[in-house]
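Q: Below you'll find the structure I mean.
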Amino acid sequence: MAKKLSHYDGAGRARMVDVSGKAASKREAEASAFVLMKPAVLAALPKNPKGDALEVARLAGIMAAKRTAELIPLCHPLPLSLVDVDLRLCENGVAITSKVATYAETGVEMEALVAASISALTVYDMCKAADKSIEIREIALDRKSGGKSGEYRRVKK
């Protein structure tokens, strides 16, 4: 049996979930993304005329996580106690991970996903002049903890 979607009321209208009756607790989430690019584009990263693409992308991800409620219509604004974004060069692209934490009535999965996504989009923006065929892949929630649903860990395929 499928779980009931909480963002709809009895009449099928979209609604913001009322979390006022929930107890605040520590909640964390981790997400990831991958930016696939050609070796020549990777090799050119240190000479990018726009600046340090990975550092700009890291900061963009942090800033985006803090604005998730402005980007995703039914997300609650949350007091984030941690936003950490890491970008690592690989032989075929850039691996991105984000970790977000709060002490609140609802989770931070969307904030972690937004951080990873916007970081990936920023890498694309910083490198698109070198190659428009760069691909953003594998945006996923990797882990979450806290709240009624407890712990979740993605099983990588």
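Q: I'd like the full set of residues that are of a type in the set (K, R) and closer than 11 Å to V83 by Cα, limited to the range 93-130.
A: K99
Q: Does M16 satisfy the criteria of being in a helix (DSSP H, G or I), on the phi < 0 side of the Ramachandran plot and surrounded by fewer than 18 Cβ atoms within 10 Å (Cβ to Cβ)?
A: No.
Q: Select from the range 31-53 the residues that are closer than 11 Å to L89 by Cα, among the aliphatic types (A, V, I, L, M) and at pLDDT 95 or above and list them in ascending order.
A: V35, L36, M37
Q: Right, next: Pairs, please: C-beta under 9 Å, at least 6 apart or cross-chain, first residue β-branched (V, I, T) and in the range 22-47, second buried (at least 21 other Cβ atoms within 10 Å of the Cβ) and assigned to a helix (DSSP H, G or I)?
A: V35/A57; V35/S119; V35/A120; V35/V123; V35/C127; V41/C127
Q: Only residues that are modelled with pLDDT of 95 or more, within 21 Å of P79 (Cβ to Cβ), in contact with a Ser or Thr (Cβ under 9 Å, 6 or more places away or on another chain) and of a type outside the set (D, E): list them for the range 109-146, please.
A: M110, A112, L113, V114, A115, A116, L141
The values are calculated or read from the model by the stated rules, or taken from the named source; none is laboratory data. Keep in mind that what you see is a predicted model, and the values were worked out from it rather than measured. Every residue, glycine as well, gets a Cβ built from its backbone with ideal geometry; the counts of neighbours run over all protein chains shown.
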